[in-house]
Amino acid sequence: PYTSARGIIRDTFWNAGPLALFTGLECSLIRLAEGLIFRTLFHKQIKDACRPPRGAAYSVKFQNYVLEGVVSGGLSLLFTFPLEMMSVKYVGETLRIANDPTQTPMYRTDWLGAITHIASSAGLVEMYSGYAITV
């Protein structure tokens, strides 16, 4: 029924209120923050630590670059994987409630509530389910 983006924004604004335009913003900001902070921080620090000496052989440089990539990627994934998993679960829960508003929410409607619920009910191990497949 929508013919333009303006029609979607207008109908959302009038039917659900102005705050409905910001649904999902929390997950997007968390994804941006974790990407900017963790990945950049780990990559820069490890790159400096693994820098080969000047005049090193090509094989030494190659080994250092591979080591740098493996360690920085593994560490950043170790810290960002629970955030990604939580954002996926949070979006799924939001869509489930949006499709059937009569259902009771599995998590609170905020991101911190979802983390607290999963950590207390299933433990921190649940936050890393699927980590080995990703690595």
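The values are calculated or read from the model by the stated rules, or taken from the named source; none is laboratory data. From a predicted model like this one, the values you see are computed outputs, not experimental measurements. Cβ atoms come from the backbone with ideal geometry, glycine included; neighbour counts cover every protein chain shown. To get the accessible areas, we keep the full protein, side chains included, count just its heavy atoms, and leave off ligands, DNA and RNA. Shrake-Rupley method; radii C 1.70, N 1.55, O 1.52, S 1.80 Å.
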- Query: How many residues are among the polar types (S, T, N, Q) and over 8 Å from the mean Cα position of the chain (by Cα) if we restrict to region 66-88?
  - Reply: 2
- Task: Please work out which one of (1) open to solvent by 70 Å² or more (accessible area, probe 1.4 Å); (2) out of contact with any Ser or Thr (no Cβ under 7 Å at 6 or more places or on another chain) is the condition Asp11 fails and give its number.
- Result: (1)
